[in-house]
1. Can you tell me the FRET efficiency between Tyr250 and Thr61 if r is taken as the Cβ-Cβ distance and R0 is 41 Å, rounded to the nearest 0.05?
2. Taking a cut-off of 14 Å, what percent of all Cα-Cα pairs in region 101-171 are separated by more than that?
3. Rounded to the nearest 10 Å², what accessible area does Tyr188 show when all protein chains are kept and the probe is 1.4 Å?
4. Taking 7 Å along the Cα-to-C-beta vector as the label spot, tell me the Asn200-Val294 distance in nanometres, rounded to one decimal.
5. If we count every other residue with Cβ under 14 angstrom of Asn105's Cβ, Lys/Arg +1 and Asp/Glu -1, where does the sum land?
6. Can you give the FRET efficiency to the nearest 0.05 for Val227 and Gln324, using r as the Cβ-Cβ distance and R₀ = 22 Å?
7. In region 100-196, carbon and sulfur make up what percent of the accessible area (probe 1.4 Å)?
8. Take Phe99, Phe186, Phe228 and sort them by solvent-accessible surface of the protein heavy atoms, 1.4 Å probe, largest at the top.
Amino acid sequence: MIGNAGLRGHAGEEHGTPYSLPSSHRQGLVIVAVLSGLSLVTSTLALLYLTFKLTRWHIRTGRAPKAPSDNVPEAPFIKDAFSIRDPAKLRQKSQVNQFVVLILNLLLADIHQAAAFLINAIWARYNIIDVDSPACFAQGWLVSTGDLASSCIIAAIAFHTYLAVVWNYKPPQWAVYSTMVGLWVFDYALAIIGPAITSNGRDYGGFYVRAAAWCWMNIHYETYRLVFHYLFIFICFALTSVLYILIFFYIRRRPSPAGNNHGGHHKAFLLYPVIYVICTAPLALGRILTMAGVKVPISYFYAAGALIASNGWLDALLWGVTRQRLLFGSEVDSEDTGLDTFAFMRTPKNRKYGNIVWVEGGAGSGSEMVGRVVPSWGMAPRTKQGEMGNPSEEFEFQRQLP
């Protein structure tokens, strides 16, 4: 039962005698709760939006038109210029974009994490951390599952991006789904093993108790903290950082086509590991120092908690801005996964407006097609040499017959 009696816990990180939270502790809890609330709202809204897009897409693909009759003649120009796909085959082959699947799972992990730190609002409201309450167990369990799931899925996104950008390889759909299911099973299994083996920490007053600033694993189970949690988080740190650094150097050395010099845009790839490490590493480091016997001030944990509680809204902002073409601008079955899906890679540094789109006939077909497309915001089209075309020409094709 939560009341205003004080703070209960165990020795070391967990205090054994009831006392009221100092004002500085309460202020720290409030800050962490506010940031986690922002993360919970933004992550939930983004998740609901993508879920709506997925639902709408499933409804549309379920109502795909039947295949046209084979007796219908096909115009020579259309046959020569474009490949018309059978709608029935299109319905069978259409698949959800793999990055959408990955980001949906990341948002779900961020919701776990944000919900965990939002429970700090209860401790601040009643001026107590009650280790015997269901809220304490829920917070410890959500911290364990949310932190680990977020790290693992971010590492999976880094690996998927590395395959798409460096190797131009798109994994099969089943591999992406299986990986996500496997990561969640792995995450939940590690969260269950500790309480199950220790009978919910029966020997030390609970498995999830007050750990410095909020509820988490009992300090007496430091081996579980390391083996079932931080070992994998640090592996994800290293893997994510290495993969994005490899992508960075690959793009830096990659020769750019004429008129498409990306300039310093490739540096933006370093934002992903930097933001992830800055938000997650301080808390992990603080826990490791505590396990090593170093006395870490409580203010450090509140600052680290504020950073990790910001994971949700920062992920929504970062991925929403840098890959809005996939998340907000196209259908969920878009096949794009490579460089063009990154906003900071699409417009060359030396060009002020938009992108160039060229359409050409197939090799050896004896025909050539040159197209100019006006950007969606109404800017005049560019010709192949880069000069501005006539703004009134929304779309122009030229075709040279053999």
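1. Between Tyr250 and Thr61 the formula returns 0.75.
2. Cα-Cα pairs of region 101-171 separated by over 14 Å account for 65 percent.
3. 80 Å²
4. Placing both labels 7 Å along Cα→Cβ, they lie 3.5 nm apart.
5. Here the charged neighbours net out to -3.
6. Working: r = 39 Å, r/R0 = 1.78.
It comes out at approximately 0.05.
7. That fraction is 75 percent.
8. On the way: Phe99 0, Phe186 75, Phe228 45 Å².
Most to least solvent-accessible, the answer reads Phe186, Phe228, Phe99.
The values are calculated or read from the model by the stated rules, or taken from the named source; none is laboratory data. Keep in mind the model is a prediction, meaning the values are calculated, not measured. For neighbour counting, all protein chains shown are included, and Cβ atoms are generated from backbone atoms with ideal geometry for every residue, glycine included. Heads up: the accessible areas ignore ligands, DNA and RNA and are worked out on the full protein's heavy atoms, side chains in. Shrake-Rupley method; radii C 1.70, N 1.55, O 1.52, S 1.80 Å.
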